[in-house]
Amino acid sequence: MSTERPETLQGAPLGRESAYPEHYDAGLLYPIARAANRVPLGIRDDALPFEGEDEWHAFELSWLDAKGKPVVAVARFRLPASSPNLIESKSWKLYLNSFNQTRFDSRDKVIETLERDLSAAAGAPVVTDLFGVDDECLVPRRLPGECLDDLDIEIHDYSPNPELLTVGEEIVAETLYSHLLKSNCPVTGQPDWGSVMIHYRGPRLDREGLLKYLVSYRQHQDFHEHCVEHIFVDLMERARPERLLVLARYVRRGGLDISPWRGTPGERPPEPLRLARQ
């Protein structure tokens with residue numbers, strides 16, 4: 001498995017020792033152009049085949065109020081899939097850590113600062129919400145639909161293989177999911193665990209083939225966002241559904257989780273939704 005640093009990550013803090021930030025610093029954020037990973041999939045930024053967002057939760061967010069008293073919160077960030085850049089996660093974590101000893105007059109000022117800095121890095125508006133740690137919306141829930149994970153199948157492919165995707169003639173509308181998604185960090189090779197939900201209307205997908213296909217990402221090295229786009233593109237090409245939504249909810253790492261979704265026009269993910277592993 002290659003761990004050579006891609007050209008787009010030459011200046012990123014990912015996989016390197018980084019000093020703990022002592023003061024607020026928006027310059028810690030490291031944007032990465034989406035285009036480099038989309039070109040091999042035939043995706044053009046000026047003609048995206050999907051709508052979508054990258055939804056992040058930050059569970060290690062704290063700052064000081066005007067009197068120097070710590071405040072803690074859980075943040076949700078929504079980064080549009082149409083933004084030219086994603087933001088590298090290690091840099092995002094370091095940026096959030098730089099809030100720890102920084103005073104803010106109000107929660108609104110914290111939101112204003114987060115949205116300004118993240119939007120500048122992403123190249124598009126990023127929506128930020130702050131929640132109390134006991135907020136009801138943070139209670140874990142289950143994915144809707146039918147789970148594929150108990151299928152008794154034999155697997156040989158551990159790199160993405162769209163030929164595993166086949167369909168029948170019957171037209172159906174259904175929601176399927178699996179907790180067996182795993183991909184790897186494109187630099188360190190560390191595992192990224194996740195769950196994936198697929199909602200579609202179109203020719204019925206062969207479920208065994210679909211599960212084999214999802215498992216085939218097990219040794220694939222890529223960012224979470226691009227794995228979801230890869231799955232979306234393969235399903236559109238192989239199954240030709242009328243409607244399609246692909247949602248992945250990746251397991252928290254370093255206080256951050258990410259849940260990218262991509263869908264045909266009009267498709268939206270269920271909300272609110274956070275899984276136990278997040």
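Given a 1.4 Å probe and every protein chain left where it sits, what share in percent of the accessible area of segment 224-278 is carbon and sulfur?
Values: 920 of 1960 Å².
Exposed carbon and sulfur together represent 47 percent of the surface.
Going 7 Å from the Cα of S62 along its beta-carbon direction, which residues of segment 251-267 have the amide nitrogen within less than 15 Å of the resulting point?
255, by backbone N distance to the label point.
Quick one: accessible area per residue over the chain, 1.4 Å probe, rounded to a whole number of Å²?
It amounts to 47 Å² per residue over the chain.
Could you work out the relative contact order of the chain, using alpha carbon pairs under 8 angstrom and six or more residues apart, expressed as a whole percent? Walk me through the numbers before you get to the answer.
On the way: 581 pairs, mean separation 58.2, N = 278.
Taking the mean separation of contacting Cα pairs over the length of the chain, I get 21 percent.
How large is the Kirkwood hydrodynamic radius of segment 11-100, in angstrom, based on all distinct alpha carbon pairs?
Values: mean 1/r = 0.0665 Å⁻¹.
After inverting the pairwise mean of 1/r, the radius is 15.0 Å.
Rounded to the nearest 0.05, what FRET efficiency do S82 and E208 have when you use their Cβ-Cβ distance and R0 = 25 Å? Before the final figure, lay out the partial values.
On the way: r = 35 Å, r/R0 = 1.38.
My answer for the efficiency is 0.10.
Would you please give the FRET efficiency between V172 and D152, computed as 1/(1 + (r/R0)^6) with r the Cβ-Cβ distance and R0 = 30 Å, to the nearest 0.05? All intermediate terms of the calculation are to be shown ahead of the outcome.
On the way: r = 22 Å, r/R0 = 0.74.
Between V172 and D152 the formula returns 0.85.
Not counting ligands, DNA or RNA, and with a 1.4 Å probe, what is T166's accessible surface area in Å² rounded to the nearest 10?
Approximately 60 Å² of T166 is accessible to the 1.4 Å probe.
Roughly what percent of Cα-Cα pairs across segment 234-278 reach past 17 Å? Walk me through the intermediate numbers first.
Working: 433 of 990 pairs.
For segment 234-278, the fraction of Cα-Cα distances above 17 Å is 44 percent.
Between segment 80-106 and segment 160-204, what is the C-alpha centre distance in whole Å?
Between the Cα centre of segment 80-106 and that of segment 160-204, the gap is 29 Å.
Measure nothing but the geometry: give the 0 to 90° angle between the long axis through the Cα atoms of 224-239 and the longest principal axis through the Cα atoms of the chain, rounded to 10°.
Long axis of 224-239 versus the principal axis of the chain: about 20 degrees.
Under a 1.4 angstrom probe, counting protein chains only, how are S119, S178 ranked by accessible area, largest first?
Numbers: S119 30, S178 0 Å².
Reading off the accessible areas and sorting them downward yields S119, S178.
Across every pair of different alpha-carbon atoms, what Kirkwood hydrodynamic radius in Å does segment 134-278 reach?
Working: mean 1/r = 0.0645 Å⁻¹.
Over segment 134-278, the inverse of the mean reciprocal pair distance is 15.5 Å.
In percent, how large is the relative contact order of segment 40-115, given Cα pairs closer than 8 Å and 6 or more residues apart?
Values: 86 pairs, mean separation 25.5, N = 76.
RCO, segment 40-115: 34 percent.
How far apart, in nm, are the 7 Å Cα→Cβ label points at R116 and E136?
According to this spin-label approximation, the distance is 3.5 nm.
Whole-Hz ³J(HN,Hα) for each residue in segment 205-217, computed from phi via Karplus 6.51 cos²θ - 1.76 cosθ + 1.60 with θ = phi - 60°, x for glycine and proline: what do you get?
Rounded to whole hertz, the list is 6, 5, 5, 5, x, 5, 5, 4, 5, 5, 5, 5, 7.
Give me the orientation-averaged projected area of the Cα convex hull of the chain, in nm², one decimal. It would help to have the intermediate numbers written out before the result.
Working: hull surface 59.1 nm².
Taking a quarter of the hull surface, the average projection is 14.8 nm².
On a full-extension model of 0.36 nm per residue, what is the gain between A33 and L48, subtracting their alpha-carbon distance, rounded to one decimal in nm?
Details: separation 15, 0.36 × 15 = 5.40 nm, distance 1.47 nm.
In short, 3.9 nm is gained.
Give the share of C-alpha pairs in each 5 angstrom bin for segment 57-200, from 0 to the last occupied bin, in whole percents, shortest bins first.
2, 7, 12, 15, 15, 15, 12, 9, 7, 4, 2, 1, 0, 0
Tell me which GluC sites (Glu not before Pro) from segment 179-278 have a DSSP coil assignment and no more than 15 other beta carbons within 10 Å of their own. Show your work: numbers first, answer last.
On the way: sites: E208, E225, E229, E237, E242, E267; in loops: E242, E267.
For GluC sites (Glu not before Pro) across segment 179-278 that sit outside H, G, I, E and B with at most 15 neighbouring Cβ atoms in 10 Å, the list reads E242.
The values are calculated or read from the model by the stated rules, or taken from the named source; none is laboratory data. Just so we're clear, the structure is a prediction, and the values are computed from it rather than from any experiment. Methodologically, a virtual Cβ is constructed for each residue, glycine included, from the backbone with ideal geometry; neighbour enumeration extends over all protein chains shown. Remember, those area values only see protein heavy atoms, side chains included, never the ligands or the DNA or RNA. Shrake-Rupley method; radii C 1.70, N 1.55, O 1.52, S 1.80 Å.
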